[in-house]
Amino acid sequence: MIDMFCMVSPMGSFWNIPGDQYMGTSHTASITLSNGEKTVVFQSMMHIASPSFYDAVRADMQLLVGQEYVFFYEGVRPGTVESIERLGTLLGTDVSPEMYDTLAHLAHLESQKTEDFISILPSTNVDISTDDIVRIAQEQNI
């Protein structure tokens, strides 16, 4: 699954997707694309990382304050009990709101908290449901 944080403005866009970062570092990789009118910045994000990683992501977002960016973020909304169970089977773990917190605790790291990011820039939620994920997996024969 991909977590996206997308900020869009008349001046540009900022996307935040999982990258190839190490969980214990504060380095946040980014790629910038532009057509001269719009700019898209893809920045790494992780469900579980060090506090310094999340501090660096927030610092990157702070650089966009006042530049008319909008922050788009997604998560996974619960669907039917059946789709939650099927997603858990596909992922090989129980899917629950506590899943990332539990894994972070075991790794002595922190889990991503949307509320730590949505107050930095104007925000729009673009969640997908477990029903949608399972339907797409079935369509792809996964």
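In terms of the mean number of neighbouring beta-carbon atoms within 10 Å, the peptides 46-54, 127-135 order highest first as 46-54, 127-135.
By the scheme Lys and Arg +1, Asp and Glu -1, what is the net charge of all other residues having a beta-carbon under 14 Å from that of GLN62? It would help to have the intermediate numbers written out before the result.
On the way: positive: ARG58; negative: ASP55, ASP60, ASP116.
Once all neighbours under 14 Å are counted, the net charge is -2.
Hey, what D do you get for the stretch 74-118 in µm²/s if you plug the Kirkwood alpha-carbon radius into Stokes-Einstein at 20 °C and 1.002 mPa s? Answer from the Stokes-Einstein relation: 181 µm²/s.
Each other residue within a Cβ distance under 10 Å of GLY79 adds +1 if Lys or Arg and -1 if Asp or Glu, for a net charge of 0. Residue ranges 84-91, 100-107 sort as 84-91, 100-107 when ordered by packing (mean number of other C-beta atoms within 10 Å per residue, highest first).
For the stretch 38-118, what is the convex hull volume of the alpha-carbon atoms per residue, in Å³? Mind showing how you got there, number by number?
Numbers: hull volume 10.0 nm³, N = 81.
Looking at the stretch 38-118, the number lands at 123 Å³ per residue.
What does the charge count near THR102 come to, summing +1 for each Lys or Arg and -1 for each Asp or Glu among other residues with Cβ under 15 Å from its Cβ? Walk me through the intermediate numbers first.
Numbers: positive: LYS113; negative: ASP94, GLU98, ASP101, GLU110.
In short, -3.
Each reported figure results from applying straightforward, stated rules to the coordinates on display, with no laboratory input. Computed from a predicted structure; not experimentally measured. All Cβ positions, even for glycine, are placed from backbone atoms using ideal geometry, and neighbour counts span all protein chains on display.
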